[in-house]
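**Student:** Have a look at this one before I ask anything.
None of the figures in this text is laboratory data; all of them are computed from the coordinates on show. What you are looking at is a predicted structure, and each value in this text was computed from that prediction instead of being measured. Ideal geometry is used to build each Cβ from the backbone, glycine not excepted, and the neighbour counts take in all protein chains shown.
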Amino acid sequence: MITLLRGGAYYVGGRLIADDEAGKTFSREAGRKGTITYSILAAHNSGDEQNLNITFDALASHDITYVGIIQTARASGMERFPIPYVLTNCHNTLCAVGGTINGDDHVFALSAAKKYGGIYVPPHLAVIHSYNREMMAGCGKMILGSDSHTRYGALGTLAVGEGGGELAKQLVGRTYDIPYPEVTAVCLTGSPRHGVGPQDVALTIIAAVFKNGYVKNKVMEFIGDGIANLPVDFRNGIDVMTTETTCWSSIWKTDDAVKEYLAAHKRGGDYRALNPAEGAYYDGAILVDLSTIEPSIAMPFHPSNVYTIRELKENAADILAKTGVNLREKLRGGELYVDQGIIAGCSGGTFNNLMAAADILAGKSTGDGVFSLSVYPDSQPVFAELVKNGAIAKLMDAGVIVRSAFCGPCFGAGDTPANGEFSIRHTTRNFPNREGSKPGEGQIASVALMDARSIAATAAAGGRLTAAGDADRYDPRPKYFFDRTIYDKRVYDGTGKPDGKTELVFAPNIKDWPAMPELTENLLIRIVSYITDSVTTTDELIPSGETSSYRSNPLALAEFTLSRRDPEYVGRAKAVKALEHGRRGGGTIPAELAALYAKIKTIPGCSAVTPEQAGIGSAIYANKPGDGSAREQAASCQRVLGAQANFALEYATKRYRSNLINWGILPFLVKDSAAFKNGDWLFVPEVRKALLGKAGTIPAYVIGGSITAIPLSLGILTDSERKILADGCLINYYRKV
């Protein structure tokens, strides 16, 4: 059972006391300084207590993001990596499409690690978050990664997933600036029943907090005596999924189990006890009784669309009808059958999960029908230990396909199902448009999230959906031995040893960022995509999967922007960009623009506005854009196509809004989604003045048959963010300072 406290709470005597029950005994102000979160943030902050300027201990990127980050940092004046920077190759690992371009990126990364002093992890050796757990995370540290699932809280590290612009700031010696976040306690009590794994706990928490925004942009701080009943791998599996709650970061109290984990990884010196102080104050609290959690499943198409497996089996027809795709054909004889199982990545491919799956499948068979099961150990050291202790043999003997460390199944580039198939996965996400789905071309696959234990139980049943339980015996605490020499022999570690004489190795697909214009005094904006879904994911803004091959080529990648959600977007955006190009060139003004300027001159105070004073750009509207991935390309691709703004009722995540800002796209907020429609033109007079002058409300005008005034706002912006927007993007900003 999960309970959400609707007010604050104090940590007293090892338990939480609701704010309204504590009376005046405790102080909120003093209590906020008693959280684990406060102690870590204070140690990394050079700003004041309310407006943080954070310097991280390390950075991490993978091969979908690192080229763009390094290119941005180079253009901004970077000469060396000032802190450890891990470059993993776990997304474009297979180098399967696009000719040589994925391998070219890997060669570029190795040359960058040598030139600037970084850490290069070759393909197939480890997925990004597993390597950082094993080699980088430590108690009291902070790590910034260009992947949304950058979460190492169970190891005492406050880790944050952000767009590449925020990493570029760190690489040029600047800080990560954020208002002090609220902190929500997650109090774990009890012990999980047999058959329940970390994904079950994670999904149950996500279901309780995602839709109501209970932890949006907050820190989730895990406390409670139930933590002691969870192996560290189990904690890591819960922790990495906190991203799907839309929280900003996570942190856990630490204990001897964490001490043993770090010692096993030859990093015992990175341990220290982290505990909240007596009287620590939390802005909210999530009470989780682990003993009540059941094996669960997140149905298509979001990790918050959660049911217990028992509930799904009892009400399969009704629940399947709600998914929006035809899955009722998967019901046979009253049972629900799936076509594929995957256990992979930083959430599923851990030692503990694969040991459990191996024990459940020992002596059994996945069958020779449609159903298949693949597992991806999350690192070579884990893979090696599973070979040594016989777990891999158990899995293979049961018919399981064993693969290498690869993040593909999490974002749609590995084990893509056939059209119409239903896949159950212990991975991080099941968003629409992943896993090969192309609805516009009649192709769709449905993915549900489940724990490795229930996936193994389903595999043992030949694909009949089955919850793991008491009949599925496994050792919940298998012994793990870490062999660091596997990394020592293959990972290039140039931390603190940059060699400026090394030449970066470029290739045809690695392109510099195109020039971005500064913000003009006035803006004329055309809405070229209007999305009314309750939430718009970054996968819909820029598809994952095969597009990842073009992440080092901004112009080529931009062609895929909104391609699976609004295929007409790119053409419309390019048409608006052509108008801006013509305006800057000083050529003949098209009749359409001349008519718009004539109407603009009728707006009070705008009679003297000329084309030279009003930049032209495109924009999208979405109710709540940016849920999901941290990849900056969701914003940069819009900018490459000439975007000047986004309009939204709210932004789903801080990281997407930060990406917009770093690429010079104004993150406007509107109160009325019906104030304009797709194709409308909006004029925003003196927008630059309003931005730099910190205006709370910015007037804008919808220009149609008549002119309608609407209020806009930009939300909270730091001084540097205002300057970045005014300069047109982060690169321009750093060229000026």
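**Student:** For the range 268-397, what log10 I(q)/I(0) values come out of the Debye formula at q = 0.13, 0.21 1/Å, with one point per alpha carbon and no solvent?
**Tutor:** -0.83, -1.29
**Student:** Let me ask another. Calculate how large, on average over all directions, the projected area of the Cα convex hull of the range 161-263 is; give the answer in nm² to one decimal.
**Tutor:** One quarter of the hull surface, i.e. the mean projection, equals 8.1 nm².
**Student:** With unit charges on the beta carbons (Lys and Arg positive, Asp and Glu negative) and the dipole taken about the Cα centre of the range 137-270, which residue among 249, 197, 176 sits farthest to the positive side?
**Tutor:** Positive-most Cα among the choices belongs to 176.
**Student:** Hey, another quick one. Set the bar at 20 Å for Cα to Cα. Now go through 141/216; 114/736; 211/253; 574/654; 599/677 and name every pair that lies beyond it.
**Tutor:** Those over the limit are 141/216; 114/736; 211/253; 574/654.
**Student:** For a footprinting-style exposure proxy, rank 404, 379 by other Cβ within 10 Å, fewest first.
**Tutor:** 404, 379
**Student:** Still on this model: Evaluate 2.2 N^0.38 Å with N set to the residue count of the range 547-684, then give the Cα radius of gyration divided by it.
**Tutor:** 1.11
**Student:** Report, to the nearest 10°, how far helix 569-585 tilts away from the longest principal axis of the Cα atoms in the chain, using its own Cα long axis and a range of 0 to 90°.
**Tutor:** 40 degrees
**Student:** Starting with the fewest neighbours, write out 219, 684, 702 ranked by other beta-carbon atoms found within 10 Å of each beta-carbon.
**Tutor:** Least crowded to most crowded, the residues run 702, 684, 219.
**Student:** Right, another one. What relative contact order, as a whole-number percentage, does the range 378-481 give when Cα pairs under 8 Å and 6 or more residues apart are counted?
**Tutor:** 19 percent
**Student:** Please grab the % of Cα pairs in the range 595-650 that end up more than 12 Å from each other.
**Tutor:** Cα-Cα pairs of the range 595-650 separated by over 12 Å account for 74 percent.
**Student:** Using only Cα atoms, find the angle between the long axis of helix 351-361 and the longest principal axis of the chain, and express it within 0 to 90 degrees, rounded to the nearest 10.
**Tutor:** Here the helix axis deviates by roughly 50 degrees.
**Student:** Give the relative contact order (percent, whole number) for the range 496-609; include only Cα pairs under 8 Å separated by 6+ residues.
**Tutor:** Relative contact order for the range 496-609 comes out at 19 percent.
**Student:** In terms of modelled amide H atoms, which long-range or inter-chain residues lie less than 5 Å from the amide H of residue 698?
**Tutor:** 712, 713
**Student:** Continuing with this model, one more query. Can you pull the Rg over Rh of the range 104-195, Cα-only, Kirkwood?
**Tutor:** Ratio of gyration radius to Kirkwood radius: 1.05.
**Student:** Let me test this: with uniform point scatterers at the alpha carbons of the range 615-695, what is the Debye-based log₁₀ I(q)/I(0) at q = 0.23 1/Å?
**Tutor:** -1.24
**Student:** With N denoting the number of residues in the range 447-503, provide Rg(C-alpha) divided by 2.2 N^0.38 Å, to two decimal places.
**Tutor:** 2.10
**Student:** Using a 10 Å cut-off around each Cβ, can you sort 330, 211, 723 from fewest to most neighbouring Cβ atoms?
**Tutor:** Fewest to most other Cβ atoms nearby, the residues stand as 211, 723, 330.
**Student:** Moving on. If I take every Cα pair under 8 Å that is 6 or more residues apart in the range 558-669, average their sequence separation and divide by the length, what percent do I get for the relative contact order?
**Tutor:** 25 percent
**Student:** Tell me, what is the Rg over Rh of the range 206-326, with Rh the Kirkwood radius over Cα pairs?
**Tutor:** That ratio is 1.04, to two decimals.
**Student:** With +1 on the Cβ of every Lys and Arg and -1 on the Cβ of every Asp and Glu, and nothing else charged, how large is the dipole of the chain about its Cα centre, in debye rounded to the nearest 20?
**Tutor:** Value, rounded to 20: 1160 debye.
**Student:** Still on this structure, please answer the following. Calculate, in whole percent, how much of the Cα-Cα pair population of the range 1-159 lies beyond 22 Å.
**Tutor:** Taking all Cα-Cα pairs of the range 1-159, the fraction more than 22 Å apart is 55 percent.
**Student:** Per the Cauchy relation, a quarter of the hull surface: what is the mean projected area of the convex hull of the alpha carbons in the range 301-352, in nm²?
**Tutor:** With every direction weighted equally, the projected area is 4.7 nm².
**Student:** Moving on. If you bin the C-alpha pair distances of the range 311-459 every 5 Å from 0, what whole percents do you get?
**Tutor:** Taking all Cα pairs of the range 311-459, the binned fractions are 2, 10, 20, 22, 19, 14, 8, 4, 1, 0 percent.
**Student:** Same structure again: Angle, helix 198-209 long axis vs. longest principal axis of the chain, Cα atoms, 0 to 90°, nearest 10?
**Tutor:** 40 degrees
**Student:** How large is the Kirkwood hydrodynamic radius of the range 526-599, in angstrom, based on all distinct alpha carbon pairs?
**Tutor:** 14.4 Å
**Student:** Continuing with this model, one more query. Given H placed on each backbone N at 1.01 Å, which residues far from residue 349 in sequence or on other chains put an amide H within less than 5 Å of it?
**Tutor:** Amide H neighbours of residue 349, under 5 Å, 5+ apart: 344.
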